[in-house]
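Participant: For reference, the structure I am asking about is given below.
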There are 2 protein chains.
Amino acid sequence: MPPKPVTAALLVIGDEILSGRTKDKNIGFAADFLTERGIDLREVRVVPDVIDEIVAALNTLRHRYSYVFTTGGIGPTHDDVTADAIGVAFGVPVAEDPRAIELLLQRIKREDLNAARRRMARVPAGAELVENSVSTAPGFRIGNVIVMAGVPVIMQAMLTAVAPSLETGPRTLAVSIAAGNIPEGAYAAALGTIAEHNPALSIGSYPSVVDGKFNNEIVVRGKDAEGVAAAVAAIEEVIAELRATGRDKYTIT
Amino acid sequence: MPPKPVTAALLVIGDEILSGRTKDKNIGFAADFLTERGIDLREVRVVPDVIDEIVAALNTLRHRYSYVFTTGGIGPTHDDVTADAIGVAFGVPVAEDPRAIELLLQRIKREDLNAARRRMARVPAGAELVENSVSTAPGFRIGNVIVMAGVPVIMQAMLTAVAPSLETGPRTLAVSIAAGNIPEGAYAAALGTIAEHNPALSIGSYPSVVDGKFNNEIVVRGKDAEGVAAAVAAIEEVIAELRATGRDKYTIT
């Protein structure tokens, strides 16, 4: 009986991602970061700065996955509504946290700590703070939900800070096999058979277009190193045979 | 009575995005493309290549928004399950489409059109094809769902091809105001008041960290040009006054 996987969802909060004004950089970083640590990212959602939307997504995701990580909406301005949304989702009040105020005072003079800035110290009752080594204004964690800033460098600092306290599961190993110019259609059948015989593995074929030509890569992912290695060997055999027999030269331009 | 907004969700399908192997480029492109055309992107979800997950997300999103755009999972390999998932979601059979076969034959010799490649011609009953000017294998549209490839250059070609047939609503105008090094906390209160007086607008403050220092930008978004212009003028006044009175020099490092 293998250990239970630890799963996660990422909830990206912000009108600016949906409008295209900001190009998200947090999804890719979180995917790499969590995967490397044995936390399987299973779903991502991007929602606007609207409390009802955040609450609905959060309450679905937090019951479905081991952890939910959120990014965005914890600054000092009116459009930063994440803390309030988390409070609604958990049914707890949101109040100024003296520990957070102390952190803000490391960067902001007391006379400059106006009402807007104090908003950055508001956290739902029962939350622990998550360190922000970039600009001190903390994120927080309540239950299985970790609330982080949207600015990538700060989000990355917060994710790194919280990581040691997270439960992790068996890491998913990934091995890539370059299929290069061999068309997917040439190896799809064999690959499908190998995938069928390895239900515990995730085997994917990923084309990209480089200079107008397809460049394909096959990726084998799984938690059992031997299983992954065996599937990789089988796939490499298929690729080698296609090349050896010239069947990698399909007339696709 | 302003015209009804046209809304959309984007459903990104693929294990490779969730594992971090592939960094999504389609969300940002679709957000810009749809926003420019008067289609408001309201939600994005990323789900794995798992039929049940795709079906659940699709059936939620297609009833909630004017359009749902999907990316990924329409190639020839076993992990390309999007067409089947759409069939399940709509409760219709998925079968090979002769029009799609003809398109594949523009690039693939008939003797090379094996079972795997024919998979790329499978579409749900009642679907229209969406042109793929890059590699001919088409996307498709059924009801308010537009199914596109995951490879960015192909996704972009498909989105461009389908765009003329889409209903559009009033465009959302966006104006950015550079706040530069003025800390958000210095203008948050005034900005909040302006936002409160303009409930039809989306006003956001977006910090970024450049060389370890915050660089802030305020964005006003809305469908009423006069309303946007008035809010922008009010915000510019706030920023100008902060600079004039030296209150842009908060001691934040």
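Participant: Checking residue A:181 against (1) free of Cβ contacts under 8 Å to residues at least 12 places away in the same chain; (2) among the polar types (S, T, N, Q); (3) more than 13 Å from every other protein chain (Cβ to nearest Cβ), which single condition isn't satisfied?
Facilitator: Residue A:181 satisfies all of (1) free of Cβ contacts under 8 Å to residues at least 12 places away in the same chain; (2) among the polar types (S, T, N, Q); (3) more than 13 Å from every other protein chain (Cβ to nearest Cβ) except (1).
Participant: What pairs come up if the first residue lies in the stretch B:48-59 and is more than 15 Å from residue B:9 (Cβ to Cβ), the second is among the β-branched types (Val, Ile, Thr) and part of a loop (DSSP other than H, G, I, E, B), and their beta carbons are under 8 Å apart, counting only those six or more places apart or on different chains?
Facilitator: B:49/B:81; B:50/B:81; B:51/B:81
Participant: Could you tell me which residue of the stretch B:176-197 is nearest to residue B:213 (Cα to Cα), considering only residues that are outside any helix (DSSP H, G or I) and open to solvent by 40 Å² or more (accessible area, probe 1.4 Å)?
Facilitator: Looking at residues that are outside any helix (DSSP H, G or I) and open to solvent by 40 Å² or more (accessible area, probe 1.4 Å), I get B:181.
Participant: Being within 14 Å of another protein chain (Cβ to nearest Cβ) and in contact (Cβ under 8 Å) with a residue 40 or more places away in the chain narrows it down to one residue among A:83, A:137, A:163; which is it? Explain how you work it out, then say what you get.
Facilitator: Working: A:83 fails: within 14 Å of another protein chain (Cβ to nearest Cβ); A:163 fails: within 14 Å of another protein chain (Cβ to nearest Cβ).
None of the other options fit; the residue is A:137.
Participant: Farther than 28 Å from residue B:33 by Cβ and modelled with pLDDT under 95, is that true of residue B:245? Write out each step before concluding.
Facilitator: On the way: farther than 28 Å from residue B:33 by Cβ: yes; modelled with pLDDT under 95: yes.
Yes; evaluated as a whole, the condition is true for this residue.
Participant: Being open to solvent by less than 40 Å² (accessible area, probe 1.4 Å) and touching a strand residue (DSSP E or B) at 6+ places or on another chain (Cβ under 9 Å) is the filter; apply it to the stretch B:103-123 and report the residue that is nearest to the other protein chains (Cβ to nearest Cβ).
Facilitator: Per the criteria, the residue is B:121.
Participant: Only one residue in A:228, A:220, A:209 is β-branched (Val, Ile, Thr), buried (at least 18 other Cβ atoms within 10 Å of the Cβ) and either out of contact with any Lys or Arg (no Cβ under 9 Å at 6 or more places or on another chain) or part of a loop (DSSP other than H, G, I, E, B) (or both), so which one is that? Before the answer, list the steps.
Facilitator: Values: A:228 fails: either out of contact with any Lys or Arg (no Cβ under 9 Å at 6 or more places or on another chain) or part of a loop (DSSP other than H, G, I, E, B) (or both); A:209 fails: buried (at least 18 other Cβ atoms within 10 Å of the Cβ).
None of the other options fit; the residue is A:220.
Participant: Sort out which residues of the stretch B:55-80 are part of a helix (DSSP H, G or I) and within 13 Å of chain A (Cβ to nearest Cβ), and write them in order of number.
Facilitator: Once the filter is applied, which keeps residues that are part of a helix (DSSP H, G or I) and within 13 Å of chain A (Cβ to nearest Cβ), the stretch B:55-80 yields B:56, B:57, B:60, B:61, B:64.
Participant: Filter the stretch B:84-99 down to the residues that are among the small types (Gly, Ala, Ser) and in contact with a strand residue (DSSP E or B) (Cβ under 6 Å, 6 or more places away or on another chain) and list them by number.
Facilitator: Within the stretch B:84-99, just B:87 meets the criteria.
Participant: Criterion first (assigned to a loop (DSSP other than H, G, I, E, B) and within 12 Å of chain B (Cβ to nearest Cβ)) does residue A:171 satisfy it?
Facilitator: yes
Participant: For the stretch A:25-54, give me the residue count where each residue is assigned to a helix (DSSP H, G or I), more than 7 Å from chain B (Cβ to nearest Cβ) and open to solvent by 20 Å² or more (accessible area, probe 1.4 Å).
Facilitator: Within the stretch A:25-54, the first condition is being assigned to a helix (DSSP H, G or I), and the residues that meet it are A:26-36, A:51-54.
Filter once more, keeping what is more than 7 Å from chain B (Cβ to nearest Cβ): A:26, A:29-30, A:33-34, A:36, A:51-54.
Now narrow it down to the ones that are open to solvent by 20 Å² or more (accessible area, probe 1.4 Å): A:29, A:36, A:51-53.
The number of residues fulfilling the criteria is 5.
Participant: Output the residues belonging to the stretch B:127-161 that are part of a helix (DSSP H, G or I) and surrounded by fewer than 21 Cβ atoms within 10 Å (Cβ to Cβ). Break it down stepwise before answering.
Facilitator: Step one: filter the stretch B:127-161 for residues part of a helix (DSSP H, G or I), giving B:152-161.
Correct list: B:152, B:153, B:156, B:157, B:160, B:161.
Participant: What number of residues within the stretch A:85-102 satisfy the criterion of being within 21 Å of residue B:189 (Cβ to Cβ) and open to solvent by 40 Å² or more (accessible area, probe 1.4 Å)?
Facilitator: Going through the stretch A:85-102 one residue at a time, the tally reaches 2.
Participant: Residues A:39, A:27, A:17: which one is in contact (Cβ under 8 Å) with a residue 12 or more places away in the chain and within 24 Å of residue B:188 (Cβ to Cβ)?
Facilitator: Of A:39, A:27, A:17, the one residue that is in contact (Cβ under 8 Å) with a residue 12 or more places away in the chain and within 24 Å of residue B:188 (Cβ to Cβ) is A:17.
Participant: Another question, if that's okay. Looking at this structure, is residue A:200 more than 9 Å from chain B (Cβ to nearest Cβ), over 19 Å from residue B:73 (Cα atoms), of a type in the set (A, V, I, L, M, F, W, C) and assigned to a helix (DSSP H, G or I)?
Facilitator: Answer is no for this residue.
The values are calculated or read from the model by the stated rules, or taken from the named source; none is laboratory data. Remember, predicted model here, so these are calculated numbers, not experimental data. With ideal geometry, Cβ positions are generated from the backbone for all residues, glycine too; neighbour counts draw on all protein chains shown. Ligands, DNA and RNA are stripped out before the accessible areas are found, and what is left, the full protein with its side chains, is counted by its heavy atoms. Shrake-Rupley method; radii C 1.70, N 1.55, O 1.52, S 1.80 Å.
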